[in-house]
1. If you go through region 372-393 one residue at a time, do you hit one that is within 16 Å of ligand 2 (Cβ to nearest atom), assigned by TED's automatic domain parsing to the domain that holds R440 and farther than 25 Å from L481 by Cα?
2. Residues that are more than 34 Å from the chain's Cα centre (by Cα), at pLDDT 90 or above and under 20 Å from L296 (Cα atoms): which helices (runs of 4 or more DSSP H) entirely in region 408-511 hold 3 or more of them?
3. Looking only at region 285-302, how many residues end up being of a type in the set (A, V, I, L, M, F, W, C) and assigned to a strand (DSSP E or B)?
4. Condition test on A307, is it within 13 Å of ligand 1 (Cβ to nearest atom), crowded, with 17+ Cβ neighbours inside 10 Å and assigned to a loop (DSSP other than H, G, I, E, B)?
5. Output the number of the condition that L53 fails; it satisfies all remaining conditions of (1) touching a residue at least 60 places away in the same chain (Cβ under 8 Å); (2) among the hydrophobic types (A, V, I, L, M, F, W, C); (3) loosely packed, with under 15 Cβ neighbours inside 10 Å; (4) closer than 30 Å to I249 by Cβ.
6. Of the residues that sit in region 310-322 and are β-branched (V, I, T) and within 12 Å of ligand 2 (Cβ to nearest atom), which one is surrounded by the most Cβ atoms within 10 Å (Cβ to Cβ)?
7. Anything in region 289-304 that is more than 10 Å from ligand 2 (Cβ to nearest atom) and not small (G, A, S)? List them, or say none.
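The values are calculated or read from the model by the stated rules, or taken from the named source; none is laboratory data. Given the structure is predicted, the values throughout are model-derived calculations rather than measurements. Here the Cβ positions follow ideal geometry from the backbone for every residue, glycine too, while neighbour counts run over all protein chains shown.
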Amino acid sequence: MRLGRRLRRYWPEALLIVAVTVPWLSLLALGIVWLWQGGHVWAWAIAAALLGLTAWPLAALVRRRANAEARVALGDIAEPARDWNAREREAWGKVLAIADATAPFSFTEFDPFFACAQETIGAVAGAFHPGAGTAWARFTLPEILLLSERLSRDVRREALRHIPGARMLRLSHLLWVQQQSDRYGATAETGWRVGYGLWRLVRAVLNPLQAAGQETSAMFVEKTASALSYRLRAYATRMFVLEVGRAAIDLYSGRLELSDEEVRAAQARDAAEVAAPAPPVRILLIGQVSAGKSSLLNALAQDIRGAVGPVPTTTRATEHRIELEGRPALILVDLPGLGERPQTAVDLLAQAERADLILWVASATQPARQPDRQGLDNFSSWAKAQLVRRVPPVVLALTHVDELRPAAEWTPPYDVVAPEGPKARAIRAAIDAAAHALNRPADAIVPVAMRPGQPPYNLDALWARIAGELDEAKLVQLDRLRVGQQGLSLRELADQVAYVRRTIIKGILRG
Ligand SMILES: Nc1nc2c(ncn2[C@@H]2O[C@H](COP(=O)(O)OP(=O)(O)OP(=O)(O)O)[C@@H](O)[C@H]2O)c(=O)[nH]1
Ligand SMILES: [Mg+2]
């Protein structure tokens with residue numbers, strides 16, 4: 001009844017389909033008759049089965065290549081972000097492993113998407129909160145909303161970049177396919193299954209050998225077709241896993257919380273502490289008593305900023321902003337000498353938490369290296385324990401090199417890479433000895449001298465070394481500000497409470 005009505009309505013379309021397909025379908029039937037009459041059915045069945053067999057390894061090859069291609073094509077989105085710390089990189093490793101292990105989605109059902117997203121988020125959560133049973137649930141509602149927003153934006157961008165025709169694909173197309181399958185899907189599928197099953201049965205009874213050949217080739221044709229769309233699905237699946245993983249890392253690391261405005265606010269707060277409008281990187285001057293920290297500060301600032309003297313001079317941390325023509329702006333923090341007071345080691349780590357770069361100052365004429373070694377070791381252990389933030393890089397300045405033997409000789413410059421003459425050789429030997437004693441590479445040490453009453457020696461090399469570490473120091477600074485921003489903001493909480501109160505009062509007044 002329904003079919004009759006539909007045929008009456010769509011008879012031109014139905015005739016068109018018949019007119020186009022009948023010649024080709026008849027070829028199929030005639031071919032089978034021809035094979036039958038000529039007695040070639042055997043040969044055909046064997047050839048079809050053999051060709052079908054070759055489709056198997058070919059399909060596997062196509063899949064392997066598609067996976068590899070997806071990996072290369074999505075190479076840049078598989079790179080960890082430059083400013084990620086150790087824990088975030090570890091979580092990214094897990095995300096990549098999931099992306100490698102996930103078979104391409106069929107894109108006809110949603111469950112595999114959710115299952116995979118859950119697995120990815122769970123792995124990232126586990127990396128950030130190891131041992132916590134419900135690690136994945138450690139975020140708030142605004143964060144979840146922000147995560148969905150971010151994920152949609154990123155998946156859209158990558159889909160446009162990597163999926164051919166993505167822009168032309170309309171929701172109406174998908175809805176049409178969905179409607180057709182809802183309308184005819186079940187009936188058409190049952191009809192097809194019953195008809196095809198009956199045909200297979202009849203075929204097997206009439207000619208078992210031919211039936212076997214056809215069964216084999218049908219199976220392989222199905223496999224080949226799915227292998228061809230595999231490439232596109234492999235792309236999209238990998239992209240999905242990586243984007244979910246990246247968003248989850250940002251969520252658990254707390255980066256997702258910080259908008260540009262929030263970063264600026266945090267920077268302003270940090271700058272306010274040193275009474276300056278914008279914060280340049282903070283450099284700590286650390287070293288033993290009388291190593292020359294304050295002298296180095298004055299030399300770098302080209303100004304008298306800190307008192308200098310042969311006895312313990314600097315008694316508390318002081319901050320100095322320096323801005324020189326052609327040099328990056330810096331905040332130098334001059335500290336009391338190591339070992340000067342018993343609590344200095346604790347102070348040192350507290351200061352390191354607020355530093356972006358460490359300028360370790362050691363005197364070339366100081367025979368006792370233990371306080372330096374101890375301080376550097378403490379710093380290294382602290383640095384290793386910092387999983388959620390980057391740690392400041394260390395630059396070593398070796399001072400007092402002018403006082404090395406022969407003490408009377410001071411005619412800079414000296415070539416310490418290929419030293420000639422006793423003074424250059426003495427400086428080289430002092431660098432190597434300090435590198436050995438402090439367990440640092442020799443090329444991380446810059447020899448300098450701030451001889452009273454004379455221009456400082458080799459300061460340009462030190463500036464160059466600082467400039468070389470500046471990018472890293474800026475990343476440390478961003479990280480430091482971000483970590484400082486986390487946690488409950490009382491201000492925000494107060495605003496939220498006030499808003500809820502206003503809404504309730506309005507509701508009561510209206511009621
Ligand atoms: N010849 C020479 N003297 C230096 C050099 N660096 C510093 N001095 C002198 O060493 C003494 C100590 O220098 P400071 O700069 O006060 O050392 P500091 O590390 O700040 O010392 P504290 O603040 O006491 O921890 C001063 O008399 C400086 O003039 C250098 O490279 N060569
Ligand atoms: Mg000093």
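1. Filtering region 372-393 for residues within 16 Å of ligand 2 (Cβ to nearest atom) gives 372, 375.
Retained after the next criterion (residues that are assigned by TED's automatic domain parsing to the domain that holds R440): 372, 375.
Subsequent filtering for residues that are farther than 25 Å from L481 by Cα retains 372.
For region 372-393, residues within 16 Å of ligand 2 (Cβ to nearest atom), assigned by TED's automatic domain parsing to the domain that holds R440 and farther than 25 Å from L481 by Cα: present.
2. Numbers: elements: 422-438, 459-485, 490-510.
Result: 422-438.
3. To start, the set of residues in region 285-302 that are of a type in the set (A, V, I, L, M, F, W, C) comprises 285-286, 289, 291, 296-297, 299-301.
Those left that are additionally assigned to a strand (DSSP E or B): 285-286.
Final tally of qualifying residues: 2.
4. No.
5. (4)
6. Initially, region 310-322 is screened for residues β-branched (V, I, T), giving 311, 313-315, 318, 322.
Of the ones still in play, those that are also within 12 Å of ligand 2 (Cβ to nearest atom) are 311, 313-315, 318.
Details: V311: 6, T313: 18, T314: 21, T315: 11, T318: 17.
Taking the candidates together, the pick is T314.
7. Here is the first cut: in region 289-304, the ones more than 10 Å from ligand 2 (Cβ to nearest atom) are 299-304.
If the condition is that a residue be more than 10 Å from ligand 2 (Cβ to nearest atom) and not small (G, A, S), then L300, Q302, D303, I304 are the ones that fit.
Residues checked against (1) under 31 Å from the mean Cα position of the chain (by Cα); (2) modelled with pLDDT under 85:
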residue	(1), (2)
R238	yes, no
R246	yes, no
E257	yes, yes
A268	yes, yes
G287	no, no
L297	no, no
P310	no, yes
R321	no, no
E340	no, yes
